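Input: a single structure, listed below in C-alpha coordinates.
The values are calculated or read from the model by the stated rules, or taken from the named source; none is laboratory data. What you see is a predicted model, and the numbers here were worked out from it, not measured in a lab. Backbone-built Cβ (ideal geometry, glycine too); neighbour counts: all protein chains shown. What goes into the accessible areas is simple: the full protein's heavy atoms, side chains included, and nothing from ligands, DNA or RNA. Shrake-Rupley method; radii C 1.70, N 1.55, O 1.52, S 1.80 Å.
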Amino acid sequence: QVRLVESGGGSVQSGGSLRLSCKVSGRPYRDYCMGWFRQAPGKEREGVATIDSDGPTNYANSVKDRVVVSLEKVKNTLYLQMNSLELEDTAMYYCAIGPSYYDKCLFAEHDFIYWGQGTQVTVSS
(Lines give C-alpha, C1' and ligand atoms only; values in the text may rest on other atoms or scores of the structure.)
Protein backbone atom coordinates (compact mmCIF):
# COMPACT_ATOMS: atom_id res chain seq x y z
CA GLN A 1 0.00 0.00 0.00
CA VAL A 2 2.90 2.35 0.71
CA ARG A 3 4.35 3.71 -2.49
CA LEU A 4 6.93 6.38 -3.28
CA VAL A 5 7.43 7.71 -6.78
CA GLU A 6 10.29 10.04 -7.66
CA SER A 7 10.34 12.48 -10.54
CA GLY A 8 12.22 15.53 -11.75
CA GLY A 9 15.54 13.99 -12.65
CA GLY A 10 17.29 14.63 -15.91
CA SER A 11 20.40 16.02 -17.53
CA VAL A 12 21.76 19.41 -16.56
CA GLN A 13 24.98 21.33 -17.04
CA SER A 14 27.30 21.96 -14.14
CA GLY A 15 26.16 24.98 -12.17
CA GLY A 16 22.53 24.36 -13.06
CA SER A 17 19.57 23.42 -10.89
CA LEU A 18 17.02 20.65 -10.56
CA ARG A 19 14.08 20.01 -8.29
CA LEU A 20 13.32 16.41 -7.46
CA SER A 21 9.90 15.35 -6.24
CA CYS A 22 8.71 12.30 -4.34
CA LYS A 23 5.00 11.58 -4.20
CA VAL A 24 3.98 9.39 -1.26
CA SER A 25 0.87 7.26 -0.97
CA GLY A 26 -0.11 5.44 2.21
CA ARG A 27 0.45 6.43 5.83
CA PRO A 28 2.68 3.88 7.56
CA TYR A 29 3.76 6.19 10.42
CA ARG A 30 2.49 9.11 12.44
CA ASP A 31 5.98 10.47 13.07
CA TYR A 32 8.33 9.79 10.20
CA CYS A 33 11.59 10.57 8.48
CA MET A 34 11.84 11.12 4.77
CA GLY A 35 15.16 11.14 3.00
CA TRP A 36 16.97 11.43 -0.27
CA PHE A 37 19.77 9.01 -1.02
CA ARG A 38 21.92 8.65 -4.09
CA GLN A 39 24.09 6.03 -5.68
CA ALA A 40 26.67 6.56 -8.39
CA PRO A 41 28.06 3.69 -10.49
CA GLY A 42 30.65 1.71 -8.56
CA LYS A 43 29.87 3.46 -5.28
CA GLU A 44 27.79 2.71 -2.23
CA ARG A 45 24.50 4.43 -1.68
CA GLU A 46 24.83 7.54 0.49
CA GLY A 47 22.51 9.92 2.24
CA VAL A 48 21.92 13.36 0.76
CA ALA A 49 19.26 15.01 2.91
CA THR A 50 16.55 14.07 5.39
CA ILE A 51 13.59 15.81 6.96
CA ASP A 52 11.51 14.88 9.97
CA SER A 53 7.74 15.20 9.85
CA ASP A 54 8.12 17.80 12.60
CA GLY A 55 10.51 19.87 10.52
CA PRO A 56 14.19 19.31 11.41
CA THR A 57 16.49 18.67 8.45
CA ASN A 58 19.85 17.03 7.97
CA TYR A 59 22.28 17.37 5.06
CA ALA A 60 25.40 15.67 3.88
CA ASN A 61 28.40 17.96 4.10
CA SER A 62 29.00 17.68 0.38
CA VAL A 63 25.64 19.26 -0.47
CA LYS A 64 24.84 21.32 2.62
CA ASP A 65 25.14 24.73 0.96
CA ARG A 66 23.60 23.71 -2.36
CA VAL A 67 20.53 21.68 -1.48
CA VAL A 68 17.23 22.29 0.28
CA VAL A 69 14.89 19.50 1.32
CA SER A 70 11.26 20.29 2.04
CA LEU A 71 8.00 18.51 2.69
CA GLU A 72 4.63 19.68 1.42
CA LYS A 73 2.23 17.68 3.55
CA VAL A 74 -0.93 18.84 1.78
CA LYS A 75 0.33 17.23 -1.43
CA ASN A 76 2.08 14.34 0.32
CA THR A 77 5.19 15.29 -1.60
CA LEU A 78 8.85 15.52 -0.68
CA TYR A 79 11.15 17.84 -2.61
CA LEU A 80 14.86 18.24 -3.12
CA GLN A 81 15.92 21.55 -4.60
CA MET A 82 19.44 21.17 -5.96
CA ASN A 83 21.45 24.21 -7.00
CA SER A 84 24.99 24.72 -8.28
CA LEU A 85 25.11 21.12 -9.42
CA GLU A 86 28.49 19.49 -9.84
CA LEU A 87 29.72 16.51 -11.82
CA GLU A 88 29.99 14.57 -8.57
CA ASP A 89 26.23 14.93 -8.09
CA THR A 90 25.60 12.53 -10.96
CA ALA A 91 23.76 9.54 -9.50
CA MET A 92 20.49 7.73 -9.17
CA TYR A 93 18.48 9.51 -6.49
CA TYR A 94 16.12 7.58 -4.25
CA CYS A 95 13.37 8.75 -1.94
CA ALA A 96 12.65 6.80 1.24
CA ILE A 97 10.49 6.89 4.36
CA GLY A 98 10.79 5.34 7.81
CA PRO A 99 9.71 5.89 11.41
CA SER A 100 10.99 8.82 13.43
CA TYR A 101 11.58 8.30 17.12
CA TYR A 102 13.46 11.42 18.18
CA ASP A 103 12.34 14.17 15.78
CA LYS A 104 15.73 13.95 14.10
CA CYS A 105 16.57 11.94 11.02
CA LEU A 106 20.05 10.70 10.23
CA PHE A 107 21.38 8.66 7.31
CA ALA A 108 20.96 5.16 8.67
CA GLU A 109 19.56 3.34 5.65
CA HIS A 110 18.15 0.48 7.72
CA ASP A 111 15.81 2.98 9.40
CA PHE A 112 14.17 3.76 6.07
CA ILE A 113 11.67 1.03 5.33
CA TYR A 114 10.04 2.00 2.04
CA TRP A 115 11.90 3.17 -1.04
CA GLY A 116 11.05 4.60 -4.41
CA GLN A 117 12.32 3.39 -7.75
CA GLY A 118 14.78 6.24 -8.20
CA THR A 119 15.26 9.09 -10.64
CA GLN A 120 18.45 9.69 -12.59
CA VAL A 121 20.40 12.93 -12.30
CA THR A 122 23.20 13.49 -14.79
CA VAL A 123 25.42 16.56 -14.56
CA SER A 124 27.65 17.36 -17.53
CA SER A 125 30.42 19.86 -18.09
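Of the accessible area of the chain, with the probe set at 1.4 angstrom, what percent is carbon plus sulfur? Summing carbon and sulfur atoms, their accessible area is 47 percent of the total for the chain. For the pair Ile113 and Asp54, the difference between a 0.36 nm per residue extended length and the Cα-Cα distance amounts to 19.4 nm. Can you list the GluC sites (Glu not before Pro) in segment 1-75 that are in a DSSP coil and have 16 or fewer other beta carbons within 10 angstrom? Answer in residue order: Glu44. For the chain, the solvent-accessible area of protein heavy atoms averages 55 Å² per residue (probe radius 1.4 Å; ligands and nucleic acids excluded).
May I ask for the net charge around Leu4, where only other residues with Cβ less than 14 Å from the Cβ of Leu4 are counted and Lys, Arg are +1 while Asp, Glu are -1? For residues surrounding Leu4, the net value is +3.
For segment 88-125 versus segment 9-80, the spacing of their alpha-carbon centroids is 6 Å.
Springs join every pair of Cα atoms under 10 Å in this Gaussian network model of the chain, and among Ile51, Ile97, Ile113 the largest mean-square fluctuation is at Ile113. Of all DSSP-defined beta bridges confined to the chain, some 90% are antiparallel rather than parallel.
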